[in-house]
Structure formats: C-alpha cells, structure tokens
Amino acid sequence: MRICGIKLGHDGAIALIEAGRLIFCVEREKRGNNRRYQAIDNFDAIVNDLAEHGLDPRDVDLFVVDGAWWRDGLRLRSGAEPVSLQWASYVESHPDGILAPYGGVGLILDGRSFPYRSYPHVTGHLAAAFCTSPFARAGQDAFALIWDGIIFPRLYYVGRGGAQFIEYLFPLIGQVYAAAADHFGPYTSRSSWDDLGVAGKLMAYIALGSADEESIAVFRGLYEERLAATVQHAANYHAESSVDCSLAAIHDFFHASAIRLKAKRAEDVLASFHCFLERLLIQNLTTILQQYPRLPGSRNLCIAGGCALNIKWNSALRVSGLFDAVWVPPFPNDSGAAIGAACSAMAADNGFVPLDWSVYSGPALQCGDVPPEWEATPCSMRDLAVVLASNKPVVFLAGRAELGPRALGGRSILAAATSGGMKNYLNDIKLREYFRPVAPICLEDRAPSIFAPGTPDPYMLFDHSTRAEWRDKVPAIVHLDGSARLQTIPRTSQHEVAELLVEYEKLTSIPLLCNTSANQNGRGFFPDVASACRWGRVKHVWSGGLLWTKRTPN
C-alpha cells in the first residue's frame, strides 16, 4: 500500500510510505533554495516529487492531507487552475476522535481528481512521533505530549491498539514562548506570529541572562490571575476556540508583566519566563501522571509539536525522573506533518505500528552549473580532515538531505571547533546574531567524556553541558551558558560524515567538529553544489569525493 501524506501551508512537505517504509519526504524549503517554512500552494509540487521517484499519482493508493485550523488564506492551485479543498480540524473534535477521518474528493493532480482522507493536525504529530519511536519497534506503549503553536499542551497515551486523550496540562498555547519576544529582548520590532524562527532565537538569547525568583513569581502570579483562573474573562481562552482570543490574552499577560518587571534586564526577564514555563510543565505533568498510576506498560514519553524543538525542556523532561525513556523525532514540528499525515492513515488501518524510516530520506542532491571560477579536485576523507584541521570551514554535501530543521551531516557547514573565533566567524558568514550557538557533531563513543550526559543523541534535540576540561579545547561549540546542542553519530555509521570524523580524530585526537546548516540566511538547505558555490561565503565545498575551491583572482 502506497500512502502519500501532504502538508499544505507553512512547512509544506510531501511524504510517501510504502508497505510501512518511508520512501521519501520532501520539504518545500529544501527545493531550489526556497525560503524557510515554504508552503505548498500548487499541487504540481506533489506530481513532480512523485515523478522524481518514478511514480504517477495513479500509483498512489491513498492521499492524506494534514489537518489545519485555517480555512482560508492559502490560494491553492493545480497548475494554473484554482482548487478548493477541505481538511480535518487542528484538534480532534471528541476524545475518541483521534483517528476519525474527514473524507474528501477533488484533489486535482495532473488533471485528474483523486479522493483523499484528512486527519486532525494533532493526530499527525502523535502518529509521526510514536510510529518512528523505539517504543513502537519494541511493542511498548507511551505517553505522548503534543504542544504546538495554537494549542495547550495535550497529553495522550498511545500504543499499537490505539490512542486516548488524557487531558491538557495547562492553559498556555505554544505560541506564548515566541510571543514573549514581542515584549522583551532584541525582537520586539517584529511579530512572533510572522517569524516562525523567533522561538529558537529566543532560546539562544536567554543564555545571556539569569532567571531570578522574583521575576518567576511575577509570571506565576499573573498566570494564576489571568490565564489559569476559571473566571468568566478566561472562559473563551480556555476553550481554545479562537487564535485571536488566545493571543490577545497572552499579550495582555505580557503587558502586565512588563509593567511589574520594568526594572529588570530583558535577558533576565526572558530567562525567568523560560524557567517559569519549564517548572509549570514538570509540575503539572507530575500531577497528572499521579492520577494515572495503573496505565499499562513502561513510562515512556514521546514529545512532538513545535515546542518539542526546545532542547532545554526536552532535557528537563528526560532528567525529571517521570519517565523511563524520552523520544523526540528529528521532525517534531510541522516539517514532519506530511509524515504524520501518512502515519495517521497507517494507524487507522493497522494500528500504531512502527514505521521503517531513515532521517536521510530528503531530496537527493541535484545537478547544477558550478560557476567557472570554482575548480574541483579529488579529495579523500583524510585529505578533507587536513583542510578542516587548518581551520578552514567546508560546505559538506552528502547523500540525501536530512528530514526536519537540523543539519545532521548531509547538508552541513563543518569546521574545526578549536578556535575561539570560529563560532563568531560562522555566525558572521551566515548573517546570524552573535549569541547564536554552533552545534557539535561528535563520535558517539567519545561524547560522554566531553559532554554531560553525553548520551547518544543523533538529532540535536537535547541539551548537554560541555565538561570543564574540554571548554578551552573546543570553544567554538560551547554556548554562552556552557551548554551544547549535541549531535552524536556512531563511528560505524555508513554516512560519510562519520568517516570524516574518524579521520579528523586520527589527525587531531579531537572527535568532533562544528556543524551548522548549509544554507543562505532565511533559506532551506543548499540543493546542489552549484548553489553553495554561488553563495560563496565558504571557500571550500565538498561533495561526492570532490573538493570545489574558489580560485583566487590573479
């Protein structure tokens, strides 16, 4: 059975599952140097992605469209013709409706009309997280925490036999974290609603500050008074029925906070707000779990939704003692919604069974015309390690692109971490703020000696502390608070970046490199060598055993 999942709107993507295996997932931002979070608004993209894999729309048994809260604002087309389409809601309409589909007709592909299903957006997050998890493979059940931009954090219990909603943890939509940036810090001149990347930037910025109990108490008091209370003025907010209503209540909350905290530094206020939310998350989850002591299976947790990109919250949940194991997929936000849509149909027909998948299932590298001032020479991994050891960054393009928002060695800029100025240099060439961190990619078996905890974390979704004796050895990957967003990779991995790390370790005794995404500012990953060369802000590009170098003018 071939199932094609489709995510329209921002983070547009197309995924194909065949016989329980993920064949590909193509996010629009990873095509043609498109903008980050690029939407799908023309169904020709679906036809073209299928054709690249030798398929016609008629070869697909089932199309599944991700649910959404909006009903307008996206002008859909098939070729030049406008298309009207309906889909499921954002959240299931009743507790037993997590797998209740909306059945539609009129998905126009290559001039033909196809029927389709649609499941709630939250269902896709839950299905993608659980079906890709080690718990599904092991036949274990798990809790699933889904916290997305316009919903309260929702807790489910899921296993092969089905899923049940337990309850929401507290009345704060996920957008509250980004909305704080509209009131405090360096991003008040822009709207968090229009900048899907501001939450991640804010997570980096708070390392400049320190949480203090006085500020946390202010946030707690105003939350209890204005958002957690059951009085009439909070009723509409609690109903989650209006995005505008929720945002208005949140901005009112921050206006009141700003008045009481006007003497505080913005970075300290934001650090305190982060700490307030983290405590609220752990406290309320603890309370709810105490009410469900007899649920079968291990205490496993899957986390999904945009808030699952917050590595500090993920780590706090992992060390809380509430769970035996915690799983976050590499595409917890809407970049994984097409996979989630397809997994929802798979779960509806067969239960929440495990998906056979690889994180390197994105688009293959394309061919392009490299500018004539660039020349290619053969370059082994040993040779490339020598280039990196001389403190020269390299754009590293290998195999198919990674799924999700993190560069994991397939579309990366790699550099030695031994120079204190390398982080600033990489931020400068990528036009990023100075306080943004650069992540390490490290051989898995060496990670515990460099980081705490240093556990295997292949997708950069948890927070680690750099051990004191290593901070001066690899300063470029140490964030302002001493932390690092670690990616580990086994030295036995077949991916070429693992071979490079092994060669670099042999040469320098250091088993890690700086790893940041290979892309233009505000764009998706480079789709080909030609794009990286035209960008030209890194003078070396490696791909397929060739090192491309820009010739110095005579």
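Values computed for the structure shown
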read-out: Conditions (1) surrounded by fewer than 20 Cβ atoms within 10 Å (Cβ to Cβ); (2) at pLDDT 95 or above: number failed by ASP72; value: (2)
read-out: Every pair of residues 6+ apart whose Cβ atoms lie under 9 Å, when the first sits in the range 104-122 and is in the same structural domain as VAL83 (by TED's automatic domain parsing) and at pLDDT below 95 while the second is part of a loop (DSSP other than H, G, I, E, B) and among the β-branched types (Val, Ile, Thr); value: GLY106/VAL83
read-out: Out of GLU214, GLU167, sole residue that is more than 19 Å from the chain's Cα centre (by Cα) and assigned to a strand (DSSP E or B); value: GLU167
read-out: Inter-residue pairs, beta-carbon under 6 Å, first in the same structural domain as GLN487 (by TED's automatic domain parsing) and in the range 460-471, second assigned to a loop (DSSP other than H, G, I, E, B) and not basic (Lys, Arg), 6+ apart; value: LEU461/VAL328; HIS464/LEU486; SER465/GLY482; THR466/VAL478; THR466/GLY482; ARG471/VAL478
read-out: Qualifying residue in the range 362-380 (condition: under 30 Å from TRP87 (Cβ atoms), crowded, with 18+ Cβ neighbours inside 10 Å, touching a Gly at 6+ places or on another chain (Cβ under 8 Å) and not assigned by TED's automatic domain parsing to the domain that holds ASN515); value: yes
read-out: Unmet requirement for VAL91, which otherwise passes all of (1) within 26 Å of GLY362 (Cα to Cα); (2) buried (at least 21 other Cβ atoms within 10 Å of the Cβ); (3) among the β-branched types (Val, Ile, Thr); value: (1)
read-out: Answer from LEU285, LEU270, LEU277 - the residue that is outside the structural domain of TYR37 (by TED's automatic domain parsing), at pLDDT 95 or above and touching a strand residue (DSSP E or B) at 6+ places or on another chain (Cβ under 9 Å); value: LEU285
read-out: Residue match in the range 396-403 (condition: among the small types (Gly, Ala, Ser), modelled with pLDDT of 95 or more, under 22 Å from the mean Cα position of the chain (by Cα) and assigned to a helix (DSSP H, G or I)); value: no
read-out: Residue match in the range 518-532 (condition: among the aromatic types (Phe, Trp, Tyr), within 17 Å of ALA407 (Cα to Cα), modelled with pLDDT of 95 or more and surrounded by 22 or more Cβ atoms within 10 Å (Cβ to Cβ)); value: yes
read-out: Positions within the range 56-69 being out of contact with any strand residue (DSSP E or B) (no Cβ under 7 Å at 6 or more places or on another chain) and part of a loop (DSSP other than H, G, I, E, B), in sequence order; value: ASP56, TRP69
read-out: Residue in the range 432-454 that is over 23 Å from the mean Cα position of the chain (by Cα) and within 24 Å of THR132 (Cα to Cα) present; value: yes
read-out: Cβ pairs under 6 Å, 6+ apart, first in the range 18-39 and at positive phi, second in a strand (DSSP E or B); value: GLY20/ASP356; ASN33/ARG523
read-out: Among (1) farther than 21 Å from SER133 by Cα; (2) surrounded by 15 or more Cβ atoms within 10 Å (Cβ to Cβ); (3) free of Cβ contacts under 8 Å to residues at least 40 places away in the same chain - the single one PRO475 does not satisfy; value: (3)
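The values are calculated or read from the model by the stated rules, or taken from the named source; none is laboratory data. Predicted model, so just to flag it, every value in this text is computed and none were measured. Glycine also receives a Cβ, built like all others from the backbone with ideal geometry; neighbour counts cover every protein chain displayed.
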